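Participant: Before anything else, here's the structure in question.
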Amino acid sequence: MRAFRFNKLYLLCLLPFAAAANVVDVGAYKDATVVYNTDDCDGTPCAFINHGSDTTLTASVQSASVQRILLAFALPSGINLATAKCQLQMQRPVQAPSGKYTLVVSEALGDWDEEEVNGSDKIDTGNQVGSVSAVKNERPGVVDVTGACRNSKDGQVGLWVDSSGPEVSFPSRDTGAAAQLRIF
């Protein structure tokens, strides 16, 4: 009887590790800030400037310059998207509003080139898939983006990230701290 309890206890202790084995974290393989405005930036409309290799990703809708974060993730092969769940995890912001703000995540429809994308490109916004409230420069919680994973095409998930508040900036993948897509 004692051996049975030991085995049962042993199996219960291993259960969290077995569940964790089915979790896959994927970093964004491309990211960019896309600016939408008609301001002049050294003789060029700001919306025509590419920000794909910047070290920060910025979202803001509270100023004359609307800025959106564009992310792309490559889904690993062998994932059953009919049953898998997906969560987006942004890094801790490098610049954030002094109070609360909300990040809203929508599908980004269509492919894009990180080194060329700008505000003149026609990258459609699909369904809103999730949101999360955040406070100051604390790392935002995860956003359930399962809908975007299930609607993905060609093994890629594209996401737009918008902020409800003043400008918030996150490190880009060019810093080695890419946004993460958790699949489980």
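Values in this text are rule-based calculations from the coordinates and carry no lab data. Worth saying up front: this structure is predicted, and the values here are computed from it rather than measured. Every residue, glycine among them, receives a Cβ derived from its backbone with ideal geometry; neighbour counts consider all protein chains shown.
Participant: Let me know the charge dipole size of the chain about its Cα centre in debye, to the nearest 20, where only the beta-carbon of Lys, Arg (+1) and Asp, Glu (-1) is charged. Intermediate results must be reported in sequence, preceding the final value.
Facilitator: Details: 15 positive and 20 negative charges, 340 e Å.
Once rounded to the nearest 20, the dipole reads 1640 debye.
Participant: While we're on this one: In nm, what is the difference between 0.36 nm times the number of residues separating ARG92 and VAL24 and their Cα-Cα distance?
Facilitator: Numbers: separation 68, 0.36 × 68 = 24.48 nm, distance 2.03 nm.
Difference between extended and current length: 22.4 nm.
Participant: Picking from ASN80, ASN50, ASN127, which is most flexible by a Gaussian network model of the chain using Cα springs under 10 Å?
Facilitator: Ranking ASN80, ASN50, ASN127 by mean-square fluctuation puts ASN80 first.
Participant: Could you tell me the center-to-center distance, by alpha carbons, between region 152-176 and region 20-53 in angstrom?
Facilitator: 7
Participant: A further question follows. Quick one: compute the contact order of the chain, relative version, from alpha carbon pairs under 8 angstrom and 6+ residues apart, as a percent. Before the final figure, lay out each step's value.
Facilitator: On the way: 439 pairs, mean separation 61.6, N = 184.
So the answer I get is 33 percent.
Participant: What do you get for the angle between helix 2-20 and the principal long axis of the chain? Use alpha-carbon atoms, 0 to 90 degrees, nearest ten.
Facilitator: For helix 2-20, the angle is close to 10 degrees.
Participant: Treat each spin label as a single point 7 Å out from the Cα along the C-beta direction, and report the LEU109 to ARG182 distance in nm.
Facilitator: My value for the distance between the label points is 3.0 nm.
Participant: Another one. Which label belongs to the value computed from this structure, given these candidates for Kirkwood radius over Cα pairs in Å: [x] 17.6; [y] 17.0; [z] 19.7?
Facilitator: The calculated read-out lines up with [x].
Participant: Follow-up question, since we're still on this one. Extension gain ASP40-LYS153, at 0.36 nm per residue separation less the Cα-Cα distance, in nm? Don't skip to the end; give the middle numbers.
Facilitator: Values: separation 113, 0.36 × 113 = 40.68 nm, distance 3.62 nm.
In short, 37.1 nm is gained.
Participant: For a label point 7 angstrom out from the Cα of SER120 toward its Cβ, which stretches of region 27-62 have the backbone nitrogen within less than 12 Å?
Facilitator: 44-50
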